[in-house]
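For reference, the structure discussed in these notes is given below.
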Amino acid sequence: MSLFSGNRNTFARAIAVGSLTLITGGMLVACGSDDSTVTSTPPTTSAAASSSAASSSASASATTTASAAPTSPGAAATAPPEQPQSIEGFPGPTEVEVSPEAQAFLDGLKAKGITPEGDGSIAVNTANYICAANVQGTSDEEILALVTAVVGSASTDGTAITSEQATANAQVYIDVANATFCK
């Protein structure tokens, strides 16, 4: 082993450490922080307004620019319409068709005092799960636990419900699905 081979290893290590340091520093700088968010309109200044040697017309235009009212938000900043508008040629149905079994399931839930949210597609998907879990031999406790998690987070008006009420609602889903949907 020569004297220079030890120096080469030390030199190579120094280069590697330096390169890694530069790369890491570059990545940190590139990532930055969330300081680029604009929170207010920056004040407008003009070099002509701050210069004492500016002509009177230049200072008059700078004063007008600085005192101009901020512009109103553009059309992109306005709120979306209250009702969604259908798009011509959109690939997909605008309304979900409900099978007779699914409608019987939804009607059965309503008869038991449960109004599914939205168009009822989540409730129908839950009924699909109940039927599939029964076919696979999933235990009643496991089915009840999953259905409770799906339907028991909140009532239709958005208020929180108790765990006992969530379990009762889940049991209604299971009973109605077994009676009307799973055949």
Seminar exercise, completed: Going through the range 105-127 in order, the residues found to be assigned to a helix (DSSP H, G or I) and surrounded by fewer than 16 Cβ atoms within 10 Å (Cβ to Cβ) are 107, 110, 111, 121, 122, 125
Seminar exercise, completed: Given (1) part of a helix (DSSP H, G or I); (2) over 17 Å from residue 104 (Cβ atoms), residue 173 misses just (2)
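Are any residues in the range 169-183 small (Gly, Ala, Ser) and surrounded by fewer than 16 Cβ atoms within 10 Å (Cβ to Cβ), and if so, which ones? Give the derivation first.
Step one: list which residues in the range 169-183 are small (Gly, Ala, Ser), which gives 170, 177, 179.
Residue satisfying the conditions is 179 alone.
Coordinate-derived values only; no laboratory data. The shown structure was predicted, so the numbers you read here are calculated from the model rather than taken from an experiment. Neighbour counts run over all protein chains shown; Cβ positions are idealised from the backbone, glycine included.
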